[in-house]
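What follows is a single structure, written as structure tokens, with notes after it.
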Amino acid sequence: MTIENAKKAAGRAAADLIKNDMIVGLGTGSTANYFIEALSFRVKQGLYLKAVVPSSKRSHDLAKSLGLPAQDINQVPYIDITVDGADEIDPLKRMIKGGGGAHVREKILAVNSREMVVIIDETKLVSKVGVGKLPVEILFFGSPATRNALEKKGYFGKWRLNEDGSFFITENTNLTYDVVFDTPPLYPEQVHEEMIHIPGVIDTGFFFDIAGRVVVGYFDGHFEIQ
Ligand code: 5RP
């Protein structure tokens, strides 16, 4: 009865959705890692994949180490399905992602896929997104000014730091400003819209109208597909 059981259940169930000849986008994070491992197991059992397209160096390295045919997004003509985790998802399948610092690449993969399958443990289900932090990826150039602009609009948070106090650097070598809301926003789409037009903001961790099937893993090891 652990969270790892739940993540593993979601990752394995998603691997069973993959069919022969597919090109598969790989998300980033601990749940995505379980999916990548389960996918490689299926490949060893005879599943044929045209390619996998990782969203981060971490997922790329794991996929390669497990013998999966990793390719760059620019080398593939299309992506059938991308499987990725999330930090929060609400009943309308609006999500927050970016806990692992790869949400910009993850969004590019997801919107360029025929389907994004979301894999989560049960703790990620929320009634409204914005309970936890919202990762906002910010260009290093002018980053204090970009932060000021966010704060002027009422969005306060913290630069994401590594354990040693250095700045956390995203997959795209940018910074992350983790915004914290007093209460989850009533209209998260408006918040995204307001933030995205500030010069220096690369993207927010909000994902709207992107999620397809959602595979939820539970602590007791069972899963549901929504
Ligand atoms: C990485 C992400 C992850 O998918 C998200 O943080 C969930 O991670 P985990 O599966 O480890 O809980 O968005 O940028």
- [ ] Starting from the amide H of residue 49, placed 1.01 Å from N in the peptide plane, find each other amide H under 5 Å away whose residue is 5 or more places distant or on another chain.
- [x] 21
Open item on the list: Can you compute the FRET efficiency between residue 183 and residue 16 using 1/(1 + (r/R0)^6), with r the Cβ-Cβ distance and R0 = 35 Å? Round to the nearest 0.05.
Closed with: 0.35
TODO: Please list, in chain and number order, the residues 5+ apart from residue 203 or on another chain whose amide H is under 5 Å from its amide H, with Hs placed from the backbone.
DONE: 137
Task: Mean residue ellipticity (222 nm) of the chain, computed from DSSP H runs ≥ 4 via -39,500 (n - 2.57), nearest 500 - done: -8500 deg cm²/dmol
- [ ] Taking a cut-off of 24 Å between Cα atoms, list the lysines near residue 153, but don't count ones fewer than 8 places away on the same chain.
- [x] 97, 128, 133
Open item on the list: Please compute the contact order of the range 133-204 in relative form: average sequence separation of alpha-carbon pairs under 8 Å and at least six residues apart, divided by the residue count, as a percent.
Closed with: 48 percent
Task: Amide N proximity, the range 37-69 versus residue 173 label position 7 Å along Cα-to-Cβ, cut-off under 15 Å - done: 57
Task: For residue 115, residues with placed amide H under 5 Å, excluding near neighbours - done: 81, 82
TODO: Treating each Cα of the range 1-84 as an identical point scatterer and ignoring solvent, apply the Debye formula and state log10 I(q)/I(0) at q = 0.16, 0.22 Å⁻¹.
DONE: -0.52, -0.98
Open item on the list: In Å, what Kirkwood hydrodynamic radius results for the chain from the alpha-carbon pair distances?
Closed with: 17.8 Å
TODO: Could I get the Rg over Rh figure for the range 140-211? Both from C-alpha atoms, Rh via Kirkwood, rounded to two places.
DONE: 0.96
Open item on the list: What's the ranking of 128-136, 25-33, 142-150, 174-182 by average number of surrounding C-beta atoms within 10 Å, highest first?
Closed with: 25-33, 128-136, 174-182, 142-150
TODO: Give 7/57; 57/93; 19/107 a once-over and call out the pairs whose C-alpha atoms are over 25 Å from each other.
DONE: 57/93
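Since every read-out is calculated from the coordinates, none of them should be taken as a lab result. Note that the structure is predicted; figures quoted are calculated from it, not measured. A quick note on method: Cβ atoms are made from the backbone with ideal geometry, for glycine too, and the neighbour counts reach across all protein chains shown.
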